[in-house]
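Chemist: Supplied in structure tokens, the structure appears directly below.
The values are calculated or read from the model by the stated rules, or taken from the named source; none is laboratory data. The structure presented is a predicted model; accordingly, all values stated were derived computationally and were not measured. In this analysis, Cβ positions are derived from the backbone assuming ideal geometry, glycine residues included, and neighbour counts consider all displayed protein chains. Each accessible area value is taken on the protein alone, full model and side chains, heavy atoms only, with ligands, DNA and RNA left out. Shrake-Rupley method; radii C 1.70, N 1.55, O 1.52, S 1.80 Å.
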Amino acid sequence: MTEIIDGNEVAQGIRDGLVAGIDDLTAAGTTPCLATVLMNNDPASQTYVSMKHKDCEEVGIATRDIELDPEAPAAELFDTVDELNADPEVHGILVQMPLPDHVDEREVLRRIDPAKDVDGFHPENVGRLVAGNARFKPCTPHGVQKLLAAADVETEGADAVVVGRSNIVGKPMANLLIQKADGGNATTTVCHSRTDDLEAKLRAADIVIAAAGVPEMITGDMLSADTVVIDVGINRVETDEGSELVGDVDFESAKPKAKAITPVPGGVGPMTRAMLLWNTVKAASAESGVDVRLP
Ligand code: NAD
């Protein structure tokens, strides 16, 4: 029987596991606090930011909600980041992407204090991750690791295939899988839009992590029996009834082949949100010197 890995349930476990640490930090005078900065009018980004605030509220993490005019000069965003960096009550800073064209995204990521970079995208934190000394693991691949652990999937010695090489998912995912650490020690192949014979790579995999952003591109006939399939993709597609969210994996055809599989929605998505809380608590713990147990 194929196991359907329930991301909502695993994420709830992470949130529940964070509460004691948040309470301890708050009792010691440090309420963990996440600041979000939104500089676009995109309704999807606005929804993501408001969900992050709601998630924080539910577990007792304080929030700051900063919205900047998308037409404002880049300097306004840099000043905002500088102020948040200097604010001792703020532990995590998240600048919601995308940014307007006139703002250099890389410059913004470099500007965030690496100790408050709860997305894990600052070059210093990227370097630390690659060197096996991560401070903040990026939320989506970290969430995937937690899902694999929750489903008792052994990564050590496994052949893993990551489809996608983005800086936010594919590359950090591959880096975590090759680390000499729990949730790592996998022999990892990274596939991308120029990969020759993707199917052959997929068929040789014990674990497939799909993060290509192409609706249902991986079908059951491309997989060997008993593959563990983690679908990071979130794609909105038009249907006769309106629209729906689908992953990068064709769930119906992949499910009978898979040993375990994540659904979309309800798989990786809730984990990404939960791991942002995790990183914020980690940041507050490091800043305050109050050690807390992280789930
Ligand atoms: P991206 O567009 O930055 O990167 C996609 C990658 O897939 C690229 O590296 C590209 O080379 C590769 N790719 C594209 N087409 C391919 C093909 N036909 N064969 C093989 N590789 C191909 O996307 P991203 O930001 O990494 O996001 C990937 C998907 O994951 C998107 O659907 C996105 O919405 C979703 N996502 C989900 C979460 C979550 O929390 N579940 C978080 C981030 C991204």
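Chemist: On the given criteria, is D196 of a type in the set (D, E), free of Cβ contacts under 8 Å to residues at least 24 places away in the same chain, surrounded by fewer than 16 Cβ atoms within 10 Å (Cβ to Cβ) and within 12 Å of the ligand (Cβ to nearest atom)?
Modeler: Answer is yes for this residue.
Residue-by-condition table, conditions (1) of a type outside the set (D, E, K, R); (2) open to solvent by 30 Å² or more (accessible area, probe 1.4 Å):
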position	(1), (2)
D231	no, no
E244	no, yes
A260	yes, no
G266	yes, no
V281	yes, no
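Each row is one residue, and each column tells you yes or no for (1) more than 16 Å from the ligand (Cβ to nearest atom); (2) surrounded by fewer than 20 Cβ atoms within 10 Å (Cβ to Cβ).
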| site | (1), (2) |
| --- | --- |
| E124 | yes, yes |
| R128 | yes, yes |
| I168 | no, yes |
| A174 | no, no |
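Chemist: Then there is this: Any residue in segment 1-29 that is closer than 13 Å to E58 by Cα sitting within a Cβ distance under 7 Å of a residue that is exposed (fewer than 14 other Cβ atoms within 10 Å of the Cβ) and of a type in the set (S, T, Y)? List the pairs, counting only those 6 or more apart or interchain.
Modeler: The qualifying pairs do not exist here.
Chemist: Considering each residue of segment 199-210, count those that are within 12 Å of the ligand (Cβ to nearest atom) and open to solvent by 20 Å² or more (accessible area, probe 1.4 Å), and give that number.
Modeler: Result for segment 199-210: 2.
Chemist: Further question on the same structure: So, A186, is that one in contact (Cβ under 8 Å) with a residue 24 or more places away in the chain, more than 15 Å from the ligand (Cβ to nearest atom) and open to solvent by 50 Å² or more (accessible area, probe 1.4 Å) or not?
Modeler: Here the answer is no, as A186 does not meet what is asked.
Chemist: For segment 167-259, which fully contained helices (runs of 4 or more DSSP H) count at least 3 residues that are at pLDDT below 95 and farther than 15 Å from V144 by Cα?
Modeler: By residue number, no helices (runs of 4 or more DSSP H) qualify.
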